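The values are calculated or read from the model by the stated rules, or taken from the named source; none is laboratory data. Computed from a predicted structure; not experimentally measured. Glycine gets a Cβ as well: all are built from the backbone with ideal geometry, and neighbour counts include every protein chain shown.
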There are 4 protein chains.
Amino acid sequence: MCRLLAYLGQPIAMDKFLYEPENSMIKQSINAKELEEPLNGDGFGVGWYTPTVSEEPAVFVSVYPAWNNRNLRYLAPKIVSGSLIAHVRAASVGDVSESNCHPFHFKNMLMAHNGGVEQFEKIKRPLKSMLSDEQYLWVKGQTDSEHLFALFLDALKKKGETFTADDVADCFQEMINHLNLLMTTYGIEEDAYLNMVFVDGERMVGLRYVTNAAVEPLSLYYSEGSKYVCEDGMCRMVPAEGKDKSVMIVSEKLTSIAEDWRPIPKNHMILVYKDLSVGFRRVS
Amino acid sequence: MCRLLAYLGQPIAMDKFLYEPENSMIKQSINAKELEEPLNGDGFGVGWYTPTVSEEPAVFVSVYPAWNNRNLRYLAPKIVSGSLIAHVRAASVGDVSESNCHPFHFKNMLMAHNGGVEQFEKIKRPLKSMLSDEQYLWVKGQTDSEHLFALFLDALKKKGETFTADDVADCFQEMINHLNLLMTTYGIEEDAYLNMVFVDGERMVGLRYVTNAAVEPLSLYYSEGSKYVCEDGMCRMVPAEGKDKSVMIVSEKLTSIAEDWRPIPKNHMILVYKDLSVGFRRVS
Amino acid sequence: MCRLLAYLGQPIAMDKFLYEPENSMIKQSINAKELEEPLNGDGFGVGWYTPTVSEEPAVFVSVYPAWNNRNLRYLAPKIVSGSLIAHVRAASVGDVSESNCHPFHFKNMLMAHNGGVEQFEKIKRPLKSMLSDEQYLWVKGQTDSEHLFALFLDALKKKGETFTADDVADCFQEMINHLNLLMTTYGIEEDAYLNMVFVDGERMVGLRYVTNAAVEPLSLYYSEGSKYVCEDGMCRMVPAEGKDKSVMIVSEKLTSIAEDWRPIPKNHMILVYKDLSVGFRRVS
Amino acid sequence: MCRLLAYLGQPIAMDKFLYEPENSMIKQSINAKELEEPLNGDGFGVGWYTPTVSEEPAVFVSVYPAWNNRNLRYLAPKIVSGSLIAHVRAASVGDVSESNCHPFHFKNMLMAHNGGVEQFEKIKRPLKSMLSDEQYLWVKGQTDSEHLFALFLDALKKKGETFTADDVADCFQEMINHLNLLMTTYGIEEDAYLNMVFVDGERMVGLRYVTNAAVEPLSLYYSEGSKYVCEDGMCRMVPAEGKDKSVMIVSEKLTSIAEDWRPIPKNHMILVYKDLSVGFRRVS
């Protein structure tokens, strides 16, 4: 089912999310706490921005489990970034291959997904037929996630060269509308779970959604403050004060500090704007 | 550009092709002799039949180079089979991933390709739109090869449950016709090179073809006799005598023994029937 | 902590152990039932004999988890052997690398280990200094297991070219004696757990041992009968009748059929002779 | 035989060495120009310093070929560092495993080797017996290179916590003396080739050496100037002017610009001091 994390704010070393918290992403790769199937051992990926060098993110993915990856252990404390995504995968749709690892990358954008569309093969072909040639050819792997992002990216293209967090939210909504229509048309009755995060180095949007209003979506939390710090093995979000701000979106709580984590409301999006202010929007 | 080998005949240990000849498949992975770009280091694959256990072949692929693969070195002398394909890859279209490794497998069939369709992305989408749902969803990777085999498999399906080497040749022809039409329609002017092999455990077909009649296709040879033997570092095809027969198709000569290797004529198919008799057919 | 399986008897397809039982080796790789830490996702290995081709075994190891390995899924139903070892690893001592994957191989022998020697680095150097040059250079990896097998192999060398299951048991005993002396000398006070299996294609020995007589060793069971069969998703050992015999040693029960699995007594070895008769010996 | 590169100077993006020059490290991995065997496809490694975050370097190694590595392609343009080592491997001694990939790392130091000691197994055991316990246990892999660096590191330890480029050169000399003595004692008559580089984030030393004074060592060049720039596919060292300085050591020339590359004299070391001044010392 996967676990994910997205971050926007003060530059921070990646091991503060990956290794240091009591329920770090690495711990979640072995034994996630808020999942029925706790193992996320089918590869992983991290993407991050280095704005002084490039608008495009760096991406490091691997088909190995995150917990024993020597390169990740070396890189995590050395990568300092103000905008990043991390993902550990439990393969549902699609082989364990680099092409199926999250985050997916298009231009200056990164996206990751936790959840899944049951019987995705029923709608794969009609979904692909809706794509622009550019996004059709952009898809490299087999996952439902990458195909849904292709729909999303086609919607975003209509917004023009520059866009806001609200535009991104519009496009998640459009992607959801397409998905619901496809599922109805092709007779998929199972619920589809879509927890997704988007970053482009300057803004961030998270989605917590399930197609069936009667059930609970997968867990998704956010945390906001001035910065996330780890000292003596204790990690916490320092309350905002002054102009420094940082926002994090996580599949599950990184620590047992209750006040650090607030659930994103069911079937809502969280929008983090360029000025790091936070808004919410209901999926319609 | 890849190198390939297919075999049908007396059961033989796989290292007789992979490691022992002076110009073995492993040597070809490092330094192919009949290629401009001699390196084939972007993964490899072998597929073979164990008819006492299953009609379906075993397949072992890897994204590592063949020359330093510990598992292949262990397996090759222990795998004894009367029908197999081996392939070393130089990636042109498609990432280096297991999904892009040859041989490709469908039911009891294996196929491998050496060559390529330049600007394949121009025809990828229309080609896919021609596929049956089954073959559309069967495609897992990004290569021109796998997509062409999907066309081929759709043609073969029309032949029914059982088919002959002639039926297989018909379907290669149909696949070629489709490709030529697509290339014309979508304005691909570069020559496409299609050296392909097919085995199903009981028959084998090889294709040596280039879309432009004015140029030479890539090299493809066959060798026939009673069995292929390696002694004291010397490998050769023992002339046929009695009822034992074996036929091999190779991208390039495994040895400098001239009489062991005959070129397959330009734009021809070689058909190896269940009784191991050999025929040829011109691509029309 | 790893999980292992060794088998000697009627030729059998490897997926009967790896995939088919309700608690197959693959299931144990994800969620072992008789381990505190249920995950064994740090690589795997299988070794098996093909006596018609070679006295030396084939070995296939991987640093990927067993549960999502495409090659293993292809190979397991096609590998039919009368003598084999399978192992899924949870790395304790040593990186995740092919050199640290079990089974370890020397000449016609295979060995695997489940357990560990805490603080192994304290005795690594003195242990290595005890080895013959041949076994010193044979060690390729970093595990306690491989080093202990090197001690074992040096003991076995003194038995001459041919040896019996009793000779193998003698050498396990000698290895244990060396280990206990090293641990005492270099002040390791933690208990060392040694569940080990040895096969050479014709005989098999299993060891269930912990250095501290006051504690329970790790679980180790055996099963004997005429052959192990899986039908309609149900696997069981068919009771011996006539001359066909098969014996299996497993870290944990493959099924809930109680009568199929008997514990190997604490601090004992199980000896399976060439005629497939079974004996036990207490570790002294 | 491997290819290597070390750099100290103005911060620079790693793709300026790995991808951009006409004879980049990636090109050298496929087809090195100054090697008899041009292929360096048995893994690679890069190490670099991020002094604002840590004194210890980041290291990224892989057992895949460098030329098709997706992660390296993503990372290289984003890693900007003033001190780094890159290495592409052609395996001679030691399997293709992460433990055998260069650069080797100890504390804040990185080292890489191009060359080899023939018949290294003859001296492996006596060499290891000379090591301190710390360096004995530091060795994780099987290469001659890592063992020689362990000797070197033991020598360096005697220099104390802080050391100069001259101290480093002393220790290379001591390592060479040990090696020559071992080779004589254990009867290795083949020439050993040692081209090595050392960086610690603040200083850099390169060694170009062969044990036989009558033969030529492997190629090793240096380049110095203010900074290395690539524009429109042309890379060159900008001559020093003012206080900016950069020095590079390479196995072979990255470009055909003759004045950018000067050979390091036979059996000499190049010493690059903290102030980026350059000196040479003859191996005695």
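Table for the structure above
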| quantity | calculated |
| --- | --- |
| Qualifying positions in the range C:161-206 - of a type in the set (Val, Ile, Thr), part of a helix (DSSP H, G or I) and over 18 Å from the mean Cα position of the chain (by Cα) | C:184, C:185 |
| Enumeration of residues in the range A:132-160 that are crowded, with 23+ Cβ neighbours inside 10 Å, among the hydroxyl-bearing types (Ser, Thr, Tyr) and within 14 Å of another protein chain (Cβ to nearest Cβ) | A:143 |
| Checking residue C:213 against (1) assigned to a loop (DSSP other than H, G, I, E, B); (2) in contact (Cβ under 8 Å) with a residue 60 or more places away in the chain, the condition it does not meet | (2) |
| Selection within the range D:52-82 - among the polar types (S, T, N, Q), assigned to a loop (DSSP other than H, G, I, E, B) and under 21 Å from residue B:98 (Cα atoms) | D:69 |
| Odd one out for residue A:36, checked against (1) in contact with a helix residue (DSSP H, G or I) (Cβ under 9 Å, 6 or more places away or on another chain); (2) away from chain D (no Cβ under 12 Å) | (1) |
| Top-ranked residue in the range C:253-275 [being surrounded by 17 or more Cβ atoms within 10 Å (Cβ to Cβ) and touching an Asp or Glu at 6+ places or on another chain (Cβ under 8 Å); ranked as nearest to residue C:211 (Cα to Cα)] | C:271 |
| Among residues of the range B:71-82, those that are more than 7 Å from every other protein chain (Cβ to nearest Cβ) and of a type in the set (A, V, I, L, M, F, W, C), counted | 3 |
| Of all residues making up the range B:172-192, the number that are out of contact with any Ser or Thr (no Cβ under 7 Å at 6 or more places or on another chain) and buried (at least 22 other Cβ atoms within 10 Å of the Cβ) | 4 |
| Top-ranked residue in the range C:8-33 [being of a type in the set (Gly, Ala, Ser) and away from chain B (no Cβ under 14 Å); ranked as nearest to residue C:275 (Cα to Cα)] | C:9 |
| Scan of the range C:100-131 for residues that are surrounded by fewer than 18 Cβ atoms within 10 Å (Cβ to Cβ), within 21 Å of residue C:6 (Cβ to Cβ) and among the polar types (S, T, N, Q), ordered by number | C:108 |
| Filtered residues of the range C:13-51 (kept if in a loop (DSSP other than H, G, I, E, B), closer than 30 Å to residue B:81 by Cα and either at pLDDT below 95 or of a type in the set (A, V, I, L, M) (or both)) | C:14 |
| Qualifying positions in the range B:2-30 - closer than 12 Å to residue B:76 by Cα, aromatic (Phe, Trp, Tyr) and crowded, with 24+ Cβ neighbours inside 10 Å | B:17 |
| Pairs, first touching a residue at least 12 places away in the same chain (Cβ under 8 Å) in the range C:40-52, second in a loop (DSSP other than H, G, I, E, B) and β-branched (Val, Ile, Thr), C-beta under 8 Å, six or more apart | C:42/C:63; C:42/C:96; C:43/C:63; C:43/C:96; C:46/C:79; C:48/C:79 |
| Residue identified as at pLDDT 95 or above and either over 30 Å from residue C:230 (Cβ atoms) or more than 17 Å from the chain's Cα centre (by Cα) (or both) among C:132, C:97, C:92, C:81 | C:132 |
| Complete set of residues in the range C:83-127 that are within 14 Å of chain B (Cβ to nearest Cβ) and in a strand (DSSP E or B) | C:83, C:84, C:85, C:104, C:105, C:106, C:110 |
| Index of the failed condition, residue C:93 passing every other in (1) among the β-branched types (Val, Ile, Thr); (2) surrounded by fewer than 24 Cβ atoms within 10 Å (Cβ to Cβ); (3) closer than 21 Å to residue C:252 by Cβ; (4) touching a helix residue (DSSP H, G or I) at 6+ places or on another chain (Cβ under 6 Å) | (3) |
| Residue ID - surrounded by the fewest Cβ atoms within 10 Å (Cβ to Cβ), chosen from residues in the range D:212-252 that are within 23 Å of residue D:201 (Cβ to Cβ) and among the charged types (D, E, K, R) | D:243 |
| Filtered residue count, the range C:44-70, keeping only those that are more than 23 Å from residue C:201 (Cβ to Cβ), within 12 Å of chain B (Cβ to nearest Cβ) and touching a helix residue (DSSP H, G or I) at 6+ places or on another chain (Cβ under 8 Å) | 2 |
| Subset of the range D:20-40 [over 19 Å from residue A:71 (Cβ atoms) and either among the β-branched types (Val, Ile, Thr) or out of contact with any strand residue (DSSP E or B) (no Cβ under 8 Å at 6 or more places or on another chain) (or both)] | D:23, D:24, D:27, D:30, D:31, D:33, D:34, D:36, D:37, D:38, D:39 |
| Long-range neighbours under 6 Å by Cβ, at least six apart or interchain, first residue at positive phi within the range B:75-101, second not in a loop (DSSP other than H, G, I, E, B) | B:94/B:100 |
